[in-house]
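Written out below as structure tokens is the structure these notes cover.
The values are calculated or read from the model by the stated rules, or taken from the named source; none is laboratory data. Bear in mind the structure is a predicted one, so any value in this text is a computation, not a measurement. Because the Cβ atoms are built from the backbone with ideal geometry, glycine has one as well, and the counts that use them run over all protein chains shown.
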Amino acid sequence: MINGKTQLYGLIGNPIEHTKSPFIHNTVANYYSHNIIYVPFKVDKYKVKEAVEGLLASNIQGLNITVPFKEKVIPYCYKIDKEAKHIGAINTLKRTNDGFVGYNTDVNGLHRALISEDIKIYGEDIIIIGAGGAAKATAYLCAREKAHSIYILNRTIEKANELVTSIKKTFSGLDIHPLALDDYLMLPNKRWIAIQTTPIGMHPNVKDNIITDNSFYKQLKVAVDLIYNPLETSFLKKAKKYNVKTTNGLKMLVYQAILSYEIWQNIDIDDKVVIEICNRIINK
Ligand code: ATR
């Protein structure tokens with residue numbers, strides 16, 4: 001029941017119609033009987049300042065930030081968590097007496113999701129496909145968790161170069177390289193973990209696949225696709241044909257939300273809540 005003491009949380013983004021965040025957060029609030037409501041705000045692309053300042057003035061307790069505002073909200077934070085600063089993107093704002101503090105839970109959301117699937121990064125050779133926002137969080141995680149080597153494979157090589165340069169600023173000495181997407185055959189001969197971070201293969205274009213050549217999949221030991229709709233992309237289907245261990249983006253989606261909730265409420269959320277939420281999304 002919403003009453004005078006209900007605390008408001010929300011998400012700003014554009015577009016926002018297909019977001020699962022209200023479902024995840026309101027389910028957690030319900031589970032813990034917190035007097036909280038979480039709502040989506042579709043914000044005009046040119047009005048992010050007005051939206052963030054207006055929500056702060058309206059006593060909102062916390063916000064999630066999605067595309068295209070993850071970098072744009074940075075100037076409106078009173079303080080930014082050290083890791084979020086290095087990543088250069090924020091997906092969580094927590095209200096304090098002085099203003100919003102910005103965090104990034106995408107990196108640790110992916111980390112928790114991989115751990116829950118028994119996939120480790122330490123000492124592994126990683127291919128990251130894509131060089132956008134999701135790739136940035138992935139590269140940061142792989143660098144922080146001490147991957148043995150990282151290749152950023154991207155259609156636009158300049159963007160792969162930029163990502164490598166920005167990661168090296170924080171992790172000097174890291175074995176990280178940019179590579180044009182079409183040059184994947186030039187990858188050293190190893191057993192790779194490939195993390196697919198582009199929107200290729202996402203609903204409704206479920207037949208699309210970023211790399212169709214079988215020889216690419218033969219070199220993999222693990223394939224991760226950050227897409228969660230569909231749960232099994234063409235990329236993962238193809239990897240499975242070569243007995244590659246696969247995992248989709250659903251757990252990352254849920255864990256990044258759970259980590260925001262933990263930051264806001266200063267609690268540890270039970271893993272059984274995460275599993276329950278994943279199952280409810282799968283069966284919807
Ligand atoms: P996000 O923040 O979700 O990661 P993004 O920043 O728009 O999204 O990045 C999208 C990524 O998908 C980019 O790496 C993009 O490649 P370019 O840098 O060459 O644009 C990649 N991508 C999108 N459409 C693509 C396509 N048709 N073929 C290959 N890569 C594509």
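Looking only at residues that are hydrophobic (A, V, I, L, M, F, W, C) and in a loop (DSSP other than H, G, I, E, B) in the range 220-252, which one is surrounded by the fewest Cβ atoms within 10 Å (Cβ to Cβ)?
Just the residues of the range 220-252 that are hydrophobic (A, V, I, L, M, F, W, C), to begin with: 220, 222-224, 226-227, 231, 235-236, 239, 244, 250, 252.
Subset that is in a loop (DSSP other than H, G, I, E, B): 226-227, 231, 244.
Values: Leu226: 26, Ile227: 25, Leu231: 14, Val244: 20.
Of everything passing the filter in the range 220-252, Leu231 is surrounded by the fewest Cβ atoms within 10 Å (Cβ to Cβ).
Among the residues of the range 34-51, count how many are β-branched (Val, Ile, Thr), within 22 Å of Asn266 (Cα to Cα) and buried (at least 19 other Cβ atoms within 10 Å of the Cβ). Give the derivation first.
Within the range 34-51, the subset β-branched (Val, Ile, Thr) is 36-37, 39, 43, 48.
Narrowing further to those that are within 22 Å of Asn266 (Cα to Cα): 36-37, 39.
Within this subset, residues satisfying the condition of being buried (at least 19 other Cβ atoms within 10 Å of the Cβ) are 36.
Qualifying residue count for the region: 1.
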Tell me, yes or no, whether the range 132-141 has at least one residue that is in contact (Cβ under 8 Å) with a residue 24 or more places away in the chain, away from the ligand (no atom under 12 Å from the Cβ) and either of a type in the set (Val, Ile, Thr) or surrounded by fewer than 18 Cβ atoms within 10 Å (Cβ to Cβ) (or both).
-> no
If we scan the range 69-92, do we find a residue that is without any contact (Cβ under 8 Å) to a residue 24 or more places away in the chain, touching a strand residue (DSSP E or B) at 6+ places or on another chain (Cβ under 8 Å) and crowded, with 22+ Cβ neighbours inside 10 Å?
-> yes
Answer residue from the range 162-194, given it is among the aliphatic types (A, V, I, L, M), in contact with a Leu (Cβ under 7 Å, 6 or more places away or on another chain) and part of a strand (DSSP E or B) and is surrounded by the fewest Cβ atoms within 10 Å (Cβ to Cβ) among those = Leu179
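Could you pull out the residue among Gly102, Gly62, Gly109 that is buried (at least 22 other Cβ atoms within 10 Å of the Cβ), closer than 19 Å to Glu145 by Cα, small (Gly, Ala, Ser) and at pLDDT 95 or above?
On the way: Gly102 fails: closer than 19 Å to Glu145 by Cα; Gly62 fails: closer than 19 Å to Glu145 by Cα.
From the options Gly102, Gly62, Gly109, the qualifying one is Gly109.
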Go through (1) near the ligand (Cβ under 10 Å from one of its atoms); (2) of a type in the set (Ser, Thr, Tyr); (3) touching a strand residue (DSSP E or B) at 6+ places or on another chain (Cβ under 6 Å) one by one and return the number of the condition Ser149 breaks.
-> (1)
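Here is a yes/no grid of residues against (1) within 14 Å of the ligand (Cβ to nearest atom); (2) more than 20 Å from the chain's Cα centre (by Cα):
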{"site": "Leu179", "(1), (2)": "yes, yes"}
{"site": "Pro188", "(1), (2)": "no, yes"}
{"site": "Trp192", "(1), (2)": "no, yes"}
{"site": "Pro204", "(1), (2)": "no, yes"}
{"site": "Asn214", "(1), (2)": "no, yes"}
{"site": "Ala223", "(1), (2)": "no, no"}
{"site": "Glu232", "(1), (2)": "no, no"}
